[in-house]
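Data first, discussion second: the structure below is written as structure tokens.
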Amino acid sequence: MRASALLLAVVIGFAAGPAMTAPADILAANKAASGGSAWDQPGTLALDYAYAGQGLTGSTHTRFDLAGNGFVDSFTIGPQSGANGFDGANTWVQEPSGIVSDQKGGDVLQLAFNEAYRDANLWWRADFGGARVTEGAPVTENGTKYIVLSVEPRGGKAFQAWFDTGNHLLARTIEVQGSQTITTFVSDYAPVRGMFIPHKIVVDDGTGAANRQTLTLTGSRLLPRDQEATFGAPQSAVHDAHLPAGTTETTVPFQLVNNHIYADVSVNGSKPLPFIFDTGGHSLLTPEAAKELRITAQGSQTATGGGAGFMQSGVTRVASLRIGDATITDQPVSVLNFTSPQIEGVDVKGMVGYEFFARFVTRFDYGTHRITFIDKHHFDPASAGTAVPIVLYNQLPQLAGSYDGIPADFCVDTGNRASLILTTPFVAKHDLRAGAGSGIVAMTGWGIGGPTYSFVTRGGVLKLGDVEVDHPLVTLSTDKGGSDAAEAFPNNVGGGVLKRFVVTLDYDHYTMYLKPASGPVADLDTFDRSGMWINDDAAGFKIINVTKGGPAEKAGLKSGDIIVAVDGKPAHALALYDFRQRLREQAPGTLVTFSVRQGAATRDVPVTLRDLL
């Protein structure tokens, strides 16, 4: 699961100029109208903004090199603070819990090049600052005409820049960031040390007016140029992780359900509560847990992930999170209804993610169902297994590997129930459906954005660094929205692959270790033989989706039907996850009789399980 961060990148524009048509003429005229040589002075421009949006207030600050060599953006919004920066070559982030990390995954570096390019208006240079700039069709909106340029900076990614043909000011940019398309409106231009700067910035993530974020300029300074001191990553100096004196590690048991890891967590000294452990996520509480713990959240931020939709999350801080004998203190936490017992069959109260894992060396032993948190100064990698280098995409570990000999990037996601998800863009780029062999299109997951769909088949050879996994079950995403449909997101290695190993994550050294799990691996690469997706319901199991051509459809079952009994046993006597596993593991040819409520009537429906792959 992944949740979106605050969108704080600042777009700098220019002032009035004569009407032009060619990109070079348009941009040259705008430099002259915006202060001309004022933009050529050396130094760092520092801009301060008041922030309001998504139910929160605060302040943001940006410092950028006028020559385009770097920037730092920082924020204090509600109960959280953080920063990110770019020194001209490398990107970094200081996430709200205080950890500073290099960022080399996904589209983070491309977006940094874009931001530095726009900050310094490098498109005014004779060669457009090395960018590819083309003019698109003009647009008229609400009576205003715009010239639209497509700009792709060197090292960056293409974005749109809209210019008002009446005054030739930059009016907005449109840029794909991760799985979202971000529109940034700039207005209220006024001179700052001879440079025309927009004093109002509105960021729209496409999820509605209520989620817009507004930045209003409150101050500006021109600083002497000092690139290393201004734009380099600060030292990570967190001292909020604790183990009892005299100990160097703690180990706790976990339950593996739907290939998800669940273990107990204490919040602010509470009784143990069931949390999911997700390397693709961060610290979360459900609204129910927050209410039970008398924790109040602020704001309503956009959260996205798997699936085409989105949800709203609040933010807060907690005094402590404790797992076994490991404790981290004074932590930022989001409050989000990211899952429900109806979907997973587990009454989960929250999520443990990057913030906890990165403060220790974290080991997931899928063979023994145990998690170990190890003091970083006492970790010995000698017996940890094969080392696989990782980079970070925000808080998500990403690695280089291959699928059937095709070089590819993969994220390591313990929160993904599947074995291997190949994203929609990756599948299309390499025409993987054409050579996939037998398989079936089905609903295969449920993320923050709702259901996800894929073509499921027996896969080829997966390589994670130098570690090879033969023919895992693979889902070729057919999603048109959400993370699995985004060009920026890597392919996803989930619990179905990871449970073959003891997985050790050392974030400080950007390394993952994989060691084969001891003993046989249960429920390995199995797939539903009934042809339907079911969730829990007050009356039994609700059929959410029926696979075309599958046994459930042939038996006459439909979405919305309620299974009230299975082979004469009340549905409420069965755990959802156990029933799902039964439908995966029972032999082809097994006859299962469902008592099904369709409207007001209930009837027995025999379904013969069979392999769909």
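A short reminder: the numbers here are calculations on the coordinates, not readings from a lab. Everything quoted here is computed from the prediction, not taken from an experiment. For neighbour counting, all protein chains shown are included, and Cβ atoms are generated from backbone atoms with ideal geometry for every residue, glycine included.
Along the Cα-to-C-beta direction of ARG603, a point sits 7 Å from the Cα; which residues of the range 544-570 have their amide N less than 13 Å from that point?
555-558
Can you tell me the Rg and Dmax of the range 53-180, counting just the alpha carbons, in angstroms?
Every Cα atom of the range 53-180 included, Rg and Dmax give 16.3, 47 Å.
Can you compute 3J(HN,Hα) from phi for each residue in the range 89-104, using the Karplus curve 6.51 cos²θ - 1.76 cosθ + 1.60 with θ = phi - 60°, rounded to whole Hz and x for Gly and Pro?
Whole-Hz 3J(HN,Hα) from phi for the range 89-104: 9, 10, 10, 8, 9, 10, 6, x, 7, x, 6, 9, 9, 6, 10, 10.
Considering the Cα positions of the range 384-516, please state its Rg to one decimal place and its Dmax as a whole number of Å.
Calculated on Cα positions, Rg and Dmax stand at 14.0, 42 Å.
Rounded, prolate or oblate: which fits the range 320-420, taking a ≥ b ≥ c as square roots of the Cα gyration tensor eigenvalues, rounded meaning a/c under 1.5, else prolate when a/b beats b/c?
oblate
May I ask for the distance between the Cα centers of the range 41-87 and the range 421-481, given as a whole number of Å?
Between the Cα centre of the range 41-87 and that of the range 421-481, the gap is 39 Å.
Calculated from DSSP H runs of 4 or more alone, at -39500 (n - 2.57) each and per residue, what is the 222 nm mean residue ellipticity of the chain, nearest 500?
Calculated from helices alone, the mean residue ellipticity at 222 nm is -2500 deg cm²/dmol.
Test of understanding: what is the full-extension gain from THR181 to ASP466, defined as 0.36 nm times their sequence separation minus their Cα-Cα distance?
So the extension gain works out to 99.1 nm.
List, in the order given, every pair from LYS499/LYS569; LYS200/LYS291; LYS104/LYS429; LYS463/LYS548 whose Cα-Cα distance in the structure shown is over 25 Å.
Correct reply: LYS499/LYS569; LYS200/LYS291; LYS463/LYS548.
Starting from the range 289-367, pick out the trypsin sites (Lys or Arg not before Pro) whose DSSP state is loop and whose Cβ has at most 15 other Cβ atoms within 10 Å.
ARG294
For the chain, find the longest principal axis of its Cα atoms and tell me its angle to the long axis of helix 108-119, 0 to 90°, nearest 10.
Taking the Cα atoms of the chain, the angle to 108-119 is about 20 degrees.
Could you give me the ³J(HN,Hα) list for the range 56-66, computed from phi with Karplus coefficients 6.51, -1.76, 1.60 and θ = phi - 60°, whole Hz, x at Gly and Pro?
10, 10, x, 9, 10, 9, 10, 10, 9, 6, 5
Would you please name the trypsin sites (Lys or Arg not before Pro) within the range 119-192 that are DSSP coil residues with at most 16 other C-beta atoms within 10 Å of their C-beta?
ARG125, ARG154
When only DSSP loop residues count, what trypsin sites (Lys or Arg not before Pro) in the range 524-613 have their Cβ near at most 13 other Cβ atoms within 10 Å?
Answer by residue number: LYS548, LYS558.
Mind checking the full-extension length gain between THR57 and ALA229? Use 0.36 nm per residue of separation minus the Cα-Cα distance, one decimal, nm.
Gain on extension, THR57 to ALA229, equals 59.1 nm.
Roughly how tilted is helix 576-585, in degrees to the nearest 10 and between 0 and 90, from the longest Cα axis of the chain?
Result, in degrees: 70.
Pop the C-beta distance of SER236 and LYS569 into the FRET formula with R0 = 51 Å and round what comes out to the nearest 0.05.
0.40
Once R0 is set to 51 Å, what does the formula 1/(1 + (r/R0)^6) return for the Cβ-Cβ distance between THR144 and THR247, expressed as a FRET efficiency to the nearest 0.05?
My answer for the efficiency is 0.20.
Calculate the FRET efficiency for ASP102 and LYS291 from the Cβ-Cβ distance with a Förster distance of 30 Å, rounded to the nearest 0.05.
After rounding to 0.05, the efficiency reads 0.20.
With viscosity set to 0.692 mPa s at 37 °C, what whole-number translational diffusion coefficient in µm²/s follows for the range 249-308 from Stokes-Einstein and a Kirkwood radius over Cα pairs?
The calculation lands on 239 µm²/s.
Under a 5 Å amide H to amide H cut-off, with H placed in plane at 1.01 Å, what residues pair with SER340 once short-range neighbours are removed?
HN-HN under 5 Å from SER340: empty list.
For the range 532-608, state the semi-axes of the equivalent ellipsoid (square roots of 5 times the eigenvalues of the alpha-carbon gyration tensor), sorted largest first and rounded to whole angstrom.
Sorted largest first and rounded, they come to 16, 15, 12 Å.
Just need log10 I(q)/I(0) for the range 22-82 at q = 0.14, 0.18, 0.27, 0.29 Å⁻¹, Debye formula, equal scatterers on the alpha-carbon atoms, no solvent, rounded to two decimals.
Once normalised to I(0) and log-transformed, intensities are -0.60, -0.78, -1.04, -1.11.
By counting other Cβ atoms within 10 Å of each Cβ, how are GLU175, GLU141, GLU152 ranked from fewest to most?
Least to most surrounded, the residues fall as GLU141, GLU152, GLU175.
Taking N as the number of residues in the chain, what is its alpha-carbon radius of gyration divided by 2.2 N^0.38 Å?
Working it through for the chain, the quotient is 1.03.
For the range 268-353, go through all pairs of different Cα atoms, get the mean of 1/r, take its inverse, and jot down that Kirkwood value in Å.
For the range 268-353, inverting the mean 1/r across all distinct Cα pairs yields 13.3 Å.
With the Cα gyration tensor of the range 484-572 giving a ≥ b ≥ c as the square roots of its eigenvalues, does the rule (a/c under 1.5 for rounded; else a/b larger than b/c for prolate; else oblate) give rounded, prolate or oblate?
Prolate.
Would you grab the residues whose amide H sits under 5 Å from the one on THR91? Only those 5+ places off in sequence or on another chain, please, with H modelled 1.01 Å from N.
Residues meeting the amide H criterion: GLN103.
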